[in-house]
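**Q** Attaching a single structure in structure tokens format; questions to follow.
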Amino acid sequence: MQSEGTVRVAVLFVDFDYGERRQSTEEVFNINVPAAERYLEAASYGKLNIEFEPLHEWLELSYNVGYWLIRAAIERADPVFDFSDIDSVLVITDPADWGVDLDTFIPETSSAGILADGSRIMHGVIRGSDVHDQGGSRPEWGGYVVARGIGHNLGLVDLDNPGETDFISRDQYVGNFGLMGNVATTSGNGGSLGGFVSMYGTEMLAWHRWQLAWLDEDQVACVTSFPATVRLTPVAVVGGTKAVVVPLSPTRALVAESRRKLGHDANTIRSGVLVYTVDTTKPSGTGPIIVYGSSSSSKIPDSSALLKPGDTLIVEGYQVAVEERTSDGDLITISAPEGTAVAEATMTPACAADLIHVSVGSSSQCHAAEAVSRDAFSSTRARLSESRGDTTDLKIRVSPTAHSVVVSNVLTRLQNGLAFWSNELPADLQIVIVVSSVADREWLIEEARDHGHDMNSVPERMWKQLAEGGPGAFLGLYKTGVLYFIRSEPLEEDVWVSAPAHELTHHVQESLYGSAERRILPCWWEEGEAAYFGVALTPIPAAVEVDYEYFMSMRDSFIEAQTYRIDANGRSVSDWTEWLEANGPSEGICSSESDVYGPGLVATEYLLGQYGLARMTNMMSAFGPAVSWQSVMEQTYGITIPQLYEEISVHLRAVFGRPWPH
Ligand SMILES: [Zn+2]
């Protein structure tokens, strides 16, 4: 779910008639929702506006759990509630009922989401009866529970281990810190889940705010040369530097942030600097974040972890020292372990997780993964502005009933691509563009035969898809410079808008490769490159300024349309490496079922943003039937395939591990 701008959450109240109802929906709403809204909007520093839209009615359901409960509640509410423009659904169970657990529904739970009023609802939260009473008389408890569920919708993982009932095992990683840690208990205060005395340190961690794009790039100090001194402002106040991040490996980082007895940290025993490590390879519940420095006898991190002036803490050899505390923040110094080489030498590929070390050589800054995306975009635009223009000889063939809008759209959308690839395409090349409606199938088969193509081998289901205007609405065959576009509907803008530039990219791949007989390049690359340049080279409407933000919105909607089927958010770096390995060369065409388009686009973007366009085009012309693609890639990028895959996987994790879409 997007973490910026306005998101709309439907609030439904359900009842299973297990107990006598004691509260109105208005009362239950007021206990749970306004505090959640205040928490999340404040944590976002104003970047998120969350609107909860309640349906004040108890919906009677038979017993149901998880995704099925959310779906049943939506179905019951649908006749009287408008779900169009709803991003998530919060289902609150009758507090008198028991046995319905807190749960969060995110895309991986169900492949297709829940359809209602034209919306595809991909997120939901159940405010279960298991947690209704645990807050006792504490009014903020309900709000934290709901905010935490919405936190999952936004893409954040559990920092405690909810599978453990023993509270030491459960809360060993971060204790009470952050929204995704334990928002209820203090350590050791009675009962297996602890007591409910105070909520310590519930302000959202700076790392999570950064993941949600609630911090600007300059609010995170990425430290790669030592010693480094940084002034941190408390996370509970707006503005200033919120986190120091020290990369420990491509997937791990050390983080420090400032905590004051303010906001949701008002109950901490003292103020100070919180130090933790982040490991993005660790899934939810297994300690992706670990807080250091607590002296709590219960082994659960508590306020004793907060460093005061004069304190030092050493984590994996790196020393964090608090120099001074002023009214606006904490001044800290980070030193590297004895003998640590300077950052330049240790930074390949560099900054942890959401960080990618962009500069390969001289300077040693850390950038967010976004910087890679930005560099990829700007190198594409730079090449486009320098290109010699579209001089390709085009021959256009149009079937008897083809719609003229389709013809003009196809030609318009090819222009940037022809200009961009002009150095790669032979100067005397003639490209034949065949535009046909589905109804003119016989004409098309005849036309294709003239170009040496056998359209009779196109499977029947493809024709059916084309007739329905669904996926595959454009079909490109590139051999011998012929591109086919088959479309009956004169649609102006849709998800297939990038198809002409996509198919043209395949044509360039095959021209440079020198053989179209058999595809032996990995599918993640072949389709990923076509997907990237498809989006990047599709002309932007004249009224819109050609800027990075506009490109990213097109890129994100393309990726989202291509990726919703797979568990992209939950994948670790090693999952992505496996994904790259699994999407190697295909005997036939690369399967659209394996989702190579969305993540493949992101992989291409990494190579382009990190290593530049020149190496990419060199690599394309070095590919050929006589050499292995692995050796070409290794020579192009100067590292081994496993190393390259890890770098790409870190970027994939950084892009998809963030809340999606973003
Ligand atoms: Zn393709």
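One line per residue, one yes/no per condition, for (1) modelled with pLDDT of 85 or more; (2) within 16 Å of the ligand (Cβ to nearest atom); (3) surrounded by fewer than 17 Cβ atoms within 10 Å (Cβ to Cβ); (4) within 19 Å of residue 413 (Cα to Cα):
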| position | (1), (2), (3), (4) |
| --- | --- |
| 505 | yes, yes, no, yes |
| 510 | no, yes, no, no |
| 517 | no, no, yes, no |
| 529 | yes, yes, no, yes |
| 549 | no, no, yes, no |
| 553 | no, no, yes, yes |
| 566 | no, no, no, no |
| 574 | yes, no, yes, no |
| 580 | yes, no, no, no |
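**Q** Consider segment 603-632. How many of its residues are under 26 Å from the mean Cα position of the chain (by Cα) and either more than 30 Å from residue 87 (Cβ to Cβ) or not β-branched (Val, Ile, Thr) (or both)?
**A** Residues that pass the stated criteria total 11.
**Q** Please enumerate the residues belonging to segment 242-256 that are touching a strand residue (DSSP E or B) at 6+ places or on another chain (Cβ under 7 Å) and touching a residue at least 60 places away in the same chain (Cβ under 8 Å).
**A** Correct list: 244, 245, 246, 247, 248, 251, 252, 253, 254, 256.
**Q** Now for a different question. I'd like to check something: does segment 104-118 contain any residue that is more than 29 Å from residue 21 (Cα to Cα) and at pLDDT 80 or above?
**A** Yes, segment 104-118 contains a residue that is more than 29 Å from residue 21 (Cα to Cα) and at pLDDT 80 or above.
**Q** Mind checking whether some residue in segment 602-617 is assigned to a helix (DSSP H, G or I) and at pLDDT below 85?
**A** First pass over segment 602-617, keeping only residues assigned to a helix (DSSP H, G or I): 602-611, 613-617.
Then drop every residue that is not at pLDDT below 85, which leaves none.
Looking through segment 602-617, none of the residues is assigned to a helix (DSSP H, G or I) and at pLDDT below 85.
Table: residues versus (1) at pLDDT 80 or above; (2) in contact with a helix residue (DSSP H, G or I) (Cβ under 6 Å, 6 or more places away or on another chain).
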{"position": "378", "(1), (2)": "yes, no"}
{"position": "389", "(1), (2)": "no, yes"}
{"position": "396", "(1), (2)": "yes, no"}
{"position": "405", "(1), (2)": "no, no"}
{"position": "419", "(1), (2)": "yes, no"}
{"position": "424", "(1), (2)": "yes, yes"}
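**Q** If the Cβ limit is 6 Å and pairs must be 6+ apart or interchain, which residue in segment 406-430 that is assigned by TED's automatic domain parsing to the domain that holds residue 507 pairs with which residue that is of a type in the set (Phe, Trp, Tyr)?
**A** 410/485
**Q** Separate question: With respect to the numbered conditions (1) at pLDDT below 85; (2) surrounded by 14 or more Cβ atoms within 10 Å (Cβ to Cβ); (3) over 24 Å from residue 247 (Cα atoms), which one is the sole condition not fulfilled by residue 633?
**A** For residue 633, the failing item is (1).
**Q** Pull up segment 295-324, narrow it to residues that are buried (at least 19 other Cβ atoms within 10 Å of the Cβ), closer than 15 Å to residue 268 by Cβ and not polar (S, T, N, Q), then point me to the one that is farthest from the chain's Cα centre (by Cα).
**A** Filtering segment 295-324 for residues that are buried (at least 19 other Cβ atoms within 10 Å of the Cβ), closer than 15 Å to residue 268 by Cβ and not polar (S, T, N, Q), the one farthest from the chain's Cα centre (by Cα) comes out as 307.
**Q** Here is a check on your reading of the model: is residue 543 within 16 Å of the ligand (Cβ to nearest atom), at pLDDT below 75, of a type outside the set (D, E, K, R) and assigned by TED's automatic domain parsing to the domain that holds residue 424?
**A** The answer is no for residue 543.
**Q** Hey, another quick one. Among the numbered conditions (1) modelled with pLDDT under 80; (2) within 18 Å of residue 395 (Cα to Cα); (3) among the β-branched types (Val, Ile, Thr); (4) within 16 Å of the ligand (Cβ to nearest atom), tell me where residue 486 comes up short.
**A** Of (1) modelled with pLDDT under 80; (2) within 18 Å of residue 395 (Cα to Cα); (3) among the β-branched types (Val, Ile, Thr); (4) within 16 Å of the ligand (Cβ to nearest atom), only one is false for residue 486: (1).
**Q** Limited to segment 163-177, what total is found for residues that are more than 14 Å from residue 289 (Cβ to Cβ) and assigned to a helix (DSSP H, G or I)?
**A** Of the residues in segment 163-177, 4 are more than 14 Å from residue 289 (Cβ to Cβ) and assigned to a helix (DSSP H, G or I).
**Q** Could you count how many residues in segment 275-290 are in contact with a Pro (Cβ under 9 Å, 6 or more places away or on another chain), at pLDDT 80 or above and either farther than 21 Å from residue 166 by Cα or assigned by TED's automatic domain parsing to the domain that holds residue 575 (or both)? Spell out the reasoning first.
**A** Of the residues in segment 275-290, the ones in contact with a Pro (Cβ under 9 Å, 6 or more places away or on another chain) are 276, 278-282, 284-285, 290.
Filter once more, keeping what is at pLDDT 80 or above: 276, 278-279, 285, 290.
Subsequent filtering for residues that are either farther than 21 Å from residue 166 by Cα or assigned by TED's automatic domain parsing to the domain that holds residue 575 (or both) retains 276, 278-279.
Number of matching residues: 3.
The values are calculated or read from the model by the stated rules, or taken from the named source; none is laboratory data. Bear in mind that the values here come from a model prediction, so they are computed numbers and not experimental data. Positions of Cβ are generated from backbone atoms using ideal geometry, with glycine treated the same way; all protein chains shown enter the neighbour counts.
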